[in-house]
Amino acid sequence: MRNRTTAALLAFFLGAFGGQYFYLGRVGAGVASLLFCWTLIPSFIALYHFIKFLTMSDEAFNLQYNREYLAALNNNQLAAAMQHVAYQHSAPVVAPATMTRTTQAPVVAPPTSLTDELERLFSLKEKGALTEEEYLVRKAKLLA
């Protein structure tokens with residue numbers, strides 16, 4: 001499992017040479033950083049990554065960079081993790097002033113449609129969070 005803090009430190013100290021890329025398994029981007037380190041562009045990108053890694057939650061980091069974490073999750077846990085990360089990046093919801101506290105059951109979010117789930121799986125595959133095989137297996141489960 002890759003660590004968010006380690007990635008941030010590598011981005012800060014070795015980012016000009018692509019240290020964070022090699023650590024995160026993105027060898028191509030690391031080699032490109034090595035080739036262009038004399039331009040200082042990788043240094044500015046590394047500064048961006050340093051700030052990004054420090055402000056990112058552990059769960060969001062694991063979803064994006066740790067395939068072992070994704071493989072250990074079942075479908076329900078994966079959906080909950082994705083919703084949690086999406087909730088963290090959205091604006092807070094403010095209840096209208098007319099609402100009062102009651103003892104009613106909490107409102108459950110409507111189930112997502114099949115197309116939404118397929119789009120979510122495809123985006124995970126495109127980001128590299130899912131392999132082609134994992135994508136096909138989960139797609140087959142949804143379509144079954």
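The values are calculated or read from the model by the stated rules, or taken from the named source; none is laboratory data. Quick caveat, the model's predicted, so the values are computed rather than measured. All Cβ positions, even for glycine, are placed from backbone atoms using ideal geometry, and neighbour counts span all protein chains on display. Ligands, DNA and RNA are excluded from the accessible area calculation, which covers all protein heavy atoms including side chains. Shrake-Rupley method; radii C 1.70, N 1.55, O 1.52, S 1.80 Å.
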Item to complete: Within segment 4-35, track down each residue that is hydrophobic (A, V, I, L, M, F, W, C) and not in a helix (DSSP H, G or I).
Response: LEU24
Practice prompt. Might you let me know whether segment 100-118 holds any residue that is at pLDDT below 90, outside any loop (DSSP other than H, G, I, E, B) and acidic (Asp, Glu)?
Written response: yes
Discussion item. Six or more apart or on different chains, Cβ atoms under 8 Å: show the pairs whose first residue is in segment 1-15 and over 19 Å from LEU34 (Cα atoms) and whose second is open to solvent by 80 Å² or more (accessible area, probe 1.4 Å).
Written reply: MET1/GLU68; ARG4/ASP58
Discussion item. Which numbered condition in (1) small (Gly, Ala, Ser); (2) assigned to a loop (DSSP other than H, G, I, E, B); (3) over 17 Å from the mean Cα position of the chain (by Cα) is the only one that ALA46 fails?
Written reply: (2)
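Taking into account only those residues within segment 23-50 that are aromatic (Phe, Trp, Tyr) and farther than 22 Å from LEU130 by Cα, which is most open to solvent (accessible area, probe 1.4 Å)? Break it down stepwise before answering.
The first filter runs over segment 23-50 and keeps only residues aromatic (Phe, Trp, Tyr), leaving 23, 36, 38, 44, 48, 50.
Then drop every residue that is not farther than 22 Å from LEU130 by Cα, which leaves 36, 38, 44, 48, 50.
Numbers: PHE36: 110, TRP38: 192, PHE44: 146, TYR48: 137, PHE50: 44 Å².
Checking each candidate, the answer is TRP38.
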Worksheet item: Any residue at all in segment 51-59 that is touching a Pro at 6+ places or on another chain (Cβ under 9 Å), surrounded by 12 or more Cβ atoms within 10 Å (Cβ to Cβ), closer than 23 Å to LYS127 by Cβ and modelled with pLDDT of 95 or more?
Response: no
Practice prompt. Identify the single condition in (1) touching a Ser or Thr at 6+ places or on another chain (Cβ under 9 Å); (2) among the small types (Gly, Ala, Ser); (3) surrounded by 15 or more Cβ atoms within 10 Å (Cβ to Cβ) that ALA7 does not satisfy, given that it satisfies every other one.
Written response: (1)
Response to the item:
Those residues of segment 119-139 that are hydrophobic (A, V, I, L, M, F, W, C) and not in a helix (DSSP H, G or I) come to a total of 2
